Amino acid sequence: MNEEKKKLTLADRLAVVISTCGVGYLPIAPGTWGSLVGVAIYLVVFLLEYNFGIFLLHRGWLGPQLESWMYTVNLVLLLFLTLVGIAAATRASKIFNEKDPSRTVIDEVMGQLIVFLFIPLTTTWWLIAAGFLLFRLFDIWKPYPVHVLQDLPGGLGVCADDIVAGIYAGIALSVIYSLSFSF
């Protein structure tokens, strides 16, 4: 293994760090830990955006369009993370010599973040917990076409199933959120 480590370039090492997100090497449930990293990123980004938005509101630089800007920033960040994540997962798959290494959890991070795009920006604990559980359900269950997407080549195959699982979970969370106003 030491010989293999010496052959890794800086780009290879960066791809491994990005693809494992600091939790991919955990021995138990690395995908669940990756999803929790996604939840943590969501909360940190939300709180930073919210506090920065309040600052801008107090300065009179931003009005009611604050939430719209926060959604836009989240979409751009997620697009960037998705592109970087697919590239990192492709490289990590070659390094680990596996099609979809369990150590690669960037796909769970991006799938989990997608879930929260389907509801208003919030830190409400039950919505965050429901979003987490729904994503894990769809990621493990893999209803059609989630399972089929794993056959795509490279990092796209690693990530595409989690992206669609995140969309399914986001739709389910949106329905739950909407129904919560009915009762």
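Laboratory data are not the source of any read-out in this text; all were calculated from the coordinates shown. On a predicted model such as this, the values are computed, not experimentally measured, just so you know.
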Taking just the C-alpha trace of the stretch 2-177, give me its Rg and Dmax in Å. 17.2, 58
Quick one: which residues, 5+ away or cross-chain, put their amide H under 5 Å from the amide H of residue 24? H built at 1.01 Å from N. none
Which Rg and Dmax, in Å, describe the Cα atoms of the stretch 85-183? 14.5, 51
Please work out how much length the chain gains when fully extended from residue 171 to residue 150, using 0.36 nm per residue of separation minus the C-alpha to C-alpha distance, in nm with one decimal. 5.5 nm
Count the lysine pairs in the chain whose Cα atoms sit under 20 Å apart, keeping only pairs 8 or more residues apart in sequence or on different chains. 5
Over the stretch 1-108, what is the relative contact order in percent, taking alpha-carbon pairs closer than 8 angstrom and at least six residues apart? 53
Could you tell me the relative contact order of the chain? Use alpha-carbon pairs under 8 Å, at least six residues apart, and round to a whole percent. 28
Per-residue [θ]222 nm for the chain (sum of -39500 (n - 2.57) over DSSP H runs n ≥ 4, rounded to 500): -24500 deg cm²/dmol
